[in-house]
Amino acid sequence: MEKVMGFKKVAVAVALSAGLATSGLQAADNPDNPTANSSRGDFEITLRNEVQMKLFQLTDVDLVNTDSGATPGDLTGVTQSCVDSNVARYEVKLESSNAFKLQAGSGPALGEIPYKLTYSQTGATDQIWGVGGQASGVTAGSFAKDGDIGGGACSGALNTKITVDILEADYKDKDVGVYADTVTVVVSAI
């Protein structure tokens, strides 16, 4: 496995890797057009005082269509996403290397296959990226932590997961081969 900026990077079918960063809750506001005599804008100041976050339990999602004569229908895969923190809530940003499209990697494969990612947690509003959802790099949601830093256990009650969905119509007529993308998950305190 290759290390990238201190994080493990993997690429298998749809690979998920973890990154930790912070994000602002609101962007600065600057006027679009000039105004007579004066102009006004605003910005937010945020202090993240000794906040700690730990993302864990991500696994590669390997989707397989083994029979070209049969049609297995839509494909779905899942990985857990667990977060320990010394703050109660966090938001998520998913970034795709290929704009949420699996790219041809090996074999005679050509083209790309779009997919959808859903970040879900019991009691929270699902957040969607990719097909029918948000663009790569968009931060969204409000999720509860699994436990305190050092706990290292996923909360079964929260059942936090990332679901990968590929529609049959999007992969059915594609060339034989392996298609892949790497997704980076960033969790930030809110």
Only one residue in PHE43, PHE100 is aromatic (Phe, Trp, Tyr) and either over 24 Å from THR139 (Cβ atoms) or modelled with pLDDT under 95 (or both). Which one? PHE43
Restricting to segment 88-102, what's the tally of residues that are under 21 Å from SER155 (Cβ atoms) and among the aromatic types (Phe, Trp, Tyr)? 1
Within segment 140-190, which residues are among the β-branched types (Val, Ile, Thr) and without any contact (Cβ under 8 Å) to a residue 12 or more places away in the chain? none
Is it fair to say ASN30 is more than 26 Å from the chain's Cα centre (by Cα), surrounded by 10 or more Cβ atoms within 10 Å (Cβ to Cβ) and polar (S, T, N, Q)? yes
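The values are calculated or read from the model by the stated rules, or taken from the named source; none is laboratory data. This is a predicted model, so every value here is computed, not measured. Reconstructed Cβ throughout: ideal geometry from the backbone, glycine too, with neighbour counts over all protein chains shown.
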